[in-house]
């Protein structure tokens, strides 16, 4: 069933047992950045005596997706190094660094980081072979019940994971909050009395923290006074955003983004009730914060043409374009205070979302390029 952050807070204050379960899409959407962003603060659940659960089939899916990403990164690294060497652009020192990176086994390093991450958040891995009701899973499949749907007939890993979580929940008398955006998981939870959904990860973590309006008010004032500092912290993450851009023109077009930049941070929109404390230790406070930014996008234009005589279609270059668009980016902002007598200062900003969709409006096609 659906749950709210207020429900979570109430249950924590009453000392009621509750657990959270990780889905594959949480880790994939965070691009396997185990030491940064949302994944880095998941340990706050454990600190609040909330168990973190990972079903073994979910863990296998995470490992599979992670391996594919690592193999792709390894291939791109070798291709880039080869091109740079052929162009004579590597000096001796840089060539040695690239060679060392090529010689490093990314797959082994990546696997180790995943295991270290699970250990750091004290995750409990559930054995689906002991917990899942496979007869029930078969019934869900043939009756087309969530997570199975007409167009999603191969969701057996999800069905097994959800069945295992439900059995664990009943056996331990502990409700489970699903940290997922997967529609199949959500639909399944709607019909369950012990599996819940409805909170984003950052919102769920914030529910474990004590409110401090005075602190948030002072942090908002600090953010408003630090636009240049924020841009400096955010620029690199924004440049790595995966951006899908769409526009309109007098001809059908596709846009391929070739570059992304942070042009400005608009802090007039920021209010103290926009901030949520995600974690707080002595000398450090991490808050979730929505920041409205001006994003610069460079893109190449592909035009779709149709020859009415030959009845054939073709794709031709329509030049390139630059556009600036306003977008809201959810961030985790880290503040530190060296001592109790010193004010907080900004120590880092990390983006929660790594994908962005922008409508750049009207696009001028230039066939001269």
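Below, the figures for the structure above:
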{"item": "Condition broken by residue 57, with the remaining ones in (1) in contact with a helix residue (DSSP H, G or I) (Cβ under 6 Å, 6 or more places away or on another chain); (2) closer than 30 Å to residue 347 by Cβ; (3) in a helix (DSSP H, G or I) satisfied", "result": "(2)"}
{"item": "Number of the condition not met by residue 369 [criteria: (1) part of a strand (DSSP E or B); (2) more than 21 Å from residue 242 (Cβ to Cβ); (3) modelled with pLDDT under 95]", "result": "(1)"}
{"item": "From the options 348, 296, residue that is without any contact (Cβ under 8 Å) to a residue 40 or more places away in the chain and within 30 Å of residue 227 (Cα to Cα)", "result": "296"}
{"item": "Subset tally (residues that are surrounded by 15 or more Cβ atoms within 10 Å (Cβ to Cβ) and assigned to a strand (DSSP E or B)) for segment 265-276", "result": "2"}
{"item": "Any hit, segment 111-132, residues being over 15 Å from residue 179 (Cβ atoms) and at pLDDT below 85", "result": "yes"}
{"item": "Subset of segment 111-123 [touching a residue at least 60 places away in the same chain (Cβ under 8 Å) and at negative phi]", "result": "113, 114, 116, 117, 118, 120, 121, 123"}
{"item": "Count of residues meeting criterion [within 19 Å of the chain's Cα centre (by Cα) and in contact (Cβ under 8 Å) with a residue 40 or more places away in the chain] in segment 70-110", "result": "2"}
{"item": "Any hit, segment 251-262, residues being touching a helix residue (DSSP H, G or I) at 6+ places or on another chain (Cβ under 6 Å) and either assigned to a strand (DSSP E or B) or closer than 27 Å to residue 1 by Cα (or both)", "result": "yes"}
{"item": "Looking only at segment 131-146, and only at residues there that are without any contact (Cβ under 8 Å) to a residue 24 or more places away in the chain and part of a helix (DSSP H, G or I), the one that is nearest to residue 162 (Cα to Cα)", "result": "140"}
{"item": "Odd one out for residue 204, checked against (1) surrounded by fewer than 20 Cβ atoms within 10 Å (Cβ to Cβ); (2) closer than 19 Å to residue 15 by Cα", "result": "(1)"}
{"item": "From 38, 112, 26, residue being assigned by TED's automatic domain parsing to the domain that holds residue 179 and farther than 26 Å from residue 174 by Cβ", "result": "112"}
{"item": "The listed residue being in a strand (DSSP E or B), in contact with a helix residue (DSSP H, G or I) (Cβ under 9 Å, 6 or more places away or on another chain), in contact (Cβ under 8 Å) with a residue 40 or more places away in the chain and within 30 Å of residue 45 (Cα to Cα), out of 353, 330", "result": "330"}
{"item": "Single unsatisfied condition, residue 181 versus (1) more than 21 Å from the chain's Cα centre (by Cα); (2) in contact (Cβ under 8 Å) with a residue 24 or more places away in the chain; (3) surrounded by fewer than 18 Cβ atoms within 10 Å (Cβ to Cβ); (4) in the same structural domain as residue 23 (by TED's automatic domain parsing)", "result": "(1)"}
{"item": "Meets criteria (touching a residue at least 24 places away in the same chain (Cβ under 8 Å), surrounded by 15 or more Cβ atoms within 10 Å (Cβ to Cβ), in a strand (DSSP E or B) and touching a helix residue (DSSP H, G or I) at 6+ places or on another chain (Cβ under 7 Å)) for residue 279", "result": "yes"}
{"item": "All helices (runs of 4 or more DSSP H) inside segment 194-243 with 1 or more residues being more than 15 Å from residue 335 (Cβ to Cβ) and free of Cβ contacts under 8 Å to residues at least 12 places away in the same chain", "result": "227-239"}
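Yes/no per residue for (1) in contact with a helix residue (DSSP H, G or I) (Cβ under 8 Å, 6 or more places away or on another chain); (2) over 30 Å from residue 176 (Cβ atoms); (3) at pLDDT 95 or above; (4) not in a helix (DSSP H, G or I):
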{"site": "26", "(1), (2), (3), (4)": "yes, no, no, no"}
{"site": "33", "(1), (2), (3), (4)": "yes, no, no, yes"}
{"site": "46", "(1), (2), (3), (4)": "no, no, no, no"}
{"site": "63", "(1), (2), (3), (4)": "yes, no, no, no"}
{"site": "85", "(1), (2), (3), (4)": "yes, yes, no, no"}
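The values are calculated or read from the model by the stated rules, or taken from the named source; none is laboratory data. Quick caveat: nothing in here was measured; it's all calculated off a predicted structure. Methodologically, a virtual Cβ is constructed for each residue, glycine included, from the backbone with ideal geometry; neighbour enumeration extends over all protein chains shown.
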